[in-house]
């Protein structure tokens, strides 16, 4: 072994140690008059479209809270700040970043990542370190069956996403003089934790009504083509087509449904707003049903952003290029409000007191009511189903919130 | 005595650094754990890629196979796997500390052995491929392994599996996995040092230099290749099992079979450090991992661009790697008077015999 | 699975739909694969950034639509721009890896692929983008077969482009020089061919072909900065299946792969569509090897 090699090895390890340590400038949970909340979110990779929607939502929430006087804890006013890391849309990275936020950066308060898969990787770690996390983008119900105590989700869980579309299909069948059990359903879900969870919810409801599944395809992750599945749809003529595959899935589906002239009386797709399909494909998307966590037309109202419609306006004024505000952004802003509220009620920076305060959350916001079940999911807010009618998203179900009648069967101008 | 000391010093340094790291920087234990896994990646890739000239792009398959075998064993010992995965983790299964550690121990061994068996079967199929076709073939195997796992409902398909949760304190957990990864990598390192110095190392290099001739000399090339790959697979399998438990949630494409990230990173790390050497992969992995972590903090948004640029620069301008460069610069320090090895390492036609190259070129022109 | 096969029997026209969809997309695969075969065969560079060149072309078409120009006019723009881009990349990176071992080109282009997709991500955001042609969508054979005009047009354009490139390679001075260099670079140099220039031209030509393919993709599929890798892999599958320098083979393999993918997605379910592509690659390589073994035994 040579001297040079030895030196080199020593150097490599020295650089590594210095680098790894420098890689985490230790910042405390509260610095001066700033409360630092940590978040690992998808700036790159396949979830980054929605990751960035969520980040915009977080930023807008923080901006608003700071503008309106910040957070008062122990008689002192604090500003909020978020420390971001990029999780590259992979749970592999999330777990590392959770450790980094908590151990190296000393963060004590977490805002969730985007997507169920990454939240699933985050939750065991925050749980172990007893660090409360308010998350707005992980809807998988498996997050709330593990007995986690430090996770609080402002959104409705995933099995509710498309469940109302199944109920709607049953209702329509009855109206047409058929039995709900005659309804034939075609399903295409992306092969990822979130979509499979949505699928599990749909399956439960299908079983409840005794409907028949005629297609059950799982779409690959790097999804650019689903014409094989759609050709099957064309042949089998189901009564209901449900698709879930994040923004990419929605865009691909919308384009190919148009190009293959798929004629199904009812089509339900998740993530329509985030994929901006109306802007991209215009009239061809008419009468699609899109489940949403939130809609700007709902009559929700809260202290910080006013009504849902006012939030919508403010968001569009703050960020360019949004024709519809995706609910991913709205719920992210709501999560920030939940933190602010919890800090003030706990009147402390102690994580245990904060956890207690979070579990007692009961607030009305522009995003809807927020009240957590003991498992941590929000039980005060429904999921609504909107339909694209002449380029506008109108709430059609459930009937309590519906502002418009559902168009059934689906019609597309010029087809 | 002096030389002896000088010779053992780096090894001792490596050990001491490994033992001291979690105590000096307890908050960074997780980072260091990942670093050891990266070193393991680079070392295992080098067995075939560096020493034998068989450039596999699919070694990550063993990592994923080990991860899934371990998960299935850990859950399967106490619960019905299909039922566990069918609900995508919606059932809560409590594992006692006893069950956890038994499951993990059995799982780790099964992962290593399972990956090894997989490598032997696979080797029998792909070892006939040469040069680029071997690389592309193994890449195909790794990609298909990920896709197939994703379509297999028994292991949860694309929904993945949530692994049992470590029963102790979180800091203990980090240390526990650190110790396991560190021990595993160190065992691999000294095992490789031992076999490279012996007959295996010579035979491996003979295969790299000219496989036909090596065979002619009576070396059972197939046997050496299989053994080399089996060692790599065994360690990668265990590391996959450990990594899966560290992450706590596994799914096929991004965690278990990350072919275009970890799968290619292991090659880059090796090239960066200098392939075909014992220390090259260690140095390369350390620098690569550090670079990655630092840019992730200071160049948020541009980190991948920086990483891509690093790969291009290191591959294009720094062919022989760090150790190779040092060797070339000061050959006498390595006891090499005149040695063509450094030259051979940069020989363009290494992957193809001249006759093959000629045939390819004529084919191309037709 | 059996139901799906039965379905094809009951409604045979579905076969036509699947086949057409497969051929339309296969034609675009052919372009990317032909470019790869070219650089692989001529200069022994295995370009893993192939798919990312395709994506770049797609984004050029997307920019055209933003400027209010029909994306089809993106074709000449993409060809010219990507040709220049390819030339620059050759001058900066590729010429250093020619003649080096296999891994140098593979990894250098892998690094390039990362840089390109991340820059696209930074410029265009990771949103899914499309370029709308606005052409009609027609139904044939009693509505069972639906073909968007744009798919037909891009198929024709791909055919025209391929023909042009083949003619160019056969009859032009440069094409002849490229072929000569591929056969024997040293002899070509002796004969007064500037091989450096030939290499640069070949690589630039490949980038231009990929760019054109990208424009077509943008009009019939969707664009996303990270989709490049899937095209790279398909290009490798096709070239490996067809063998280097086997142009008719590349065309048949490309169209075949497009069709096989559609049928696999239909019969086995979409979750196995990707697997079919890579599984096919492995199967072909193993099959080759078995053939080779038999051949070796005969020699003995």
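All of the numbers you see were taken from the coordinates with simple rules; none came from a lab. Note that the structure is a prediction, hence the values are computed from the model and not measured. Please note: Cβ atoms are built from the backbone with ideal geometry, for glycine as well, and neighbour counts cover all protein chains shown.
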*If r is the Cβ-Cβ distance from residue B:300 to residue B:325 and R0 is 25 Å, what FRET efficiency results, to the nearest 0.05?*
0.20
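If you average the sequence gap of Cα pairs under 8 Å that are 6 or more apart and divide by the length of chain C, what percent do you get for the contact order? The partial results should precede the final answer.
Values: 437 pairs, mean separation 114.5, N = 300.
It comes to 38 percent, rounded to a whole number.
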*Would you work out if the stretch C:2-299 is rounded, prolate or oblate? Take a ≥ b ≥ c from the square roots of the eigenvalues of the alpha-carbon gyration tensor; rounded if a/c is under 1.5, else prolate when a/b is larger than b/c, oblate otherwise.*
oblate
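Under 1.5 on a/c is rounded, so check that first for the protein assembly as shown, then, if it is not, pick prolate when a/b is larger than b/c and oblate when it is not; a ≥ b ≥ c are the square roots of the alpha carbon gyration tensor eigenvalues.
In terms of gyration-tensor shape, oblate.
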*Point-to-point label distance, residue A:30-residue A:203, nm (Cα→Cβ direction, 7 Å offset)*: 4.7 nm
_For the stretch A:217-360, I need the span (max minus min coordinate) of the C-alpha atoms along each principal axis, in Å, sorted largest to smallest._
62, 32, 26
_Bridge type composition, the protein assembly as shown - antiparallel percent by DSSP, nearest 5_ = 45 percent
*asked:* From the mean inverse distance of alpha carbon pairs (Kirkwood) and the Cα radius of gyration, derive Rg over Rh for the stretch B:24-320.
replied: 0.98
*Among A:371-379, A:228-236, how do they line up from the highest to the lowest mean number of other beta-carbon atoms within 10 Å?*
A:228-236, A:371-379
*In whole angstrom, note down how far apart the Cα centers of the stretch B:1-51 and the stretch B:67-136 are.*
26 Å
*Rg/Rh for the stretch A:41-124: what does it come to with C-alpha atoms and Rh from Kirkwood?*
1.02
_Could you tell me how far the Cα centroid of the stretch A:351-415 sits from the Cα centroid of the stretch C:139-197, in Å?_
54 Å
*asked:* Below 8 Å, C-alpha to C-alpha, sequence gap of six or more: please give me the relative contact order for chain B in percent.
replied: 28 percent
*For each of A:29, A:175, A:55, count neighbouring Cβ atoms within 10 Å of the residue's Cβ, then give the residues from fewest to most.*
A:175, A:29, A:55
*Give me the distance in nm between label points sitting 7 Å out from Cα along the Cα-to-Cβ direction at residue B:105 and residue A:236, one decimal.*
4.9 nm
_Cα gyration tensor shape for the stretch B:1-80, rounded if a/c is under 1.5, else prolate or oblate_ = oblate
*Virtual spin-label span in nm between residue C:167 and residue A:303, 7 Å along Cα→Cβ*: 7.5 nm
*Cβ crowding within 10 Å averaged over residues, with C:268-275, B:198-205 ranked highest first*: C:268-275, B:198-205
*Convex hull over the alpha-carbon atoms of the stretch C:1-125: what's its volume per residue in Å³?*
171 Å³
*Ranked by Cβ crowding within 10 angstrom, fewest neighbours first, how are A:195, C:172 ordered?*
C:172, A:195
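Give the order of B:37, A:338, A:77 when sorted by the count of other beta carbons within 10 angstrom, beginning with the fewest.
Ranked by crowding around the Cβ, least crowded first: A:77, B:37, A:338.
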*asked:* Using 0.36 nm times the number of residues separating residue B:223 and residue B:153, minus their current alpha carbon distance, what extension gain do you get?
replied: 21.6 nm
*What is the list of residues in the stretch A:203-228 whose amide nitrogen lies under 18 Å from a point 7 angstrom out from the Cα of residue A:412, following Cα to Cβ?*
A:225-228
*Sort out for me the Cα centre separation of the stretch B:139-193 from the stretch C:235-288, rounded to whole Å.*
31 Å
*What whole-number value in cubic angstrom gives the convex hull volume per residue for the C-alpha atoms of the stretch A:192-273?*
90 Å³
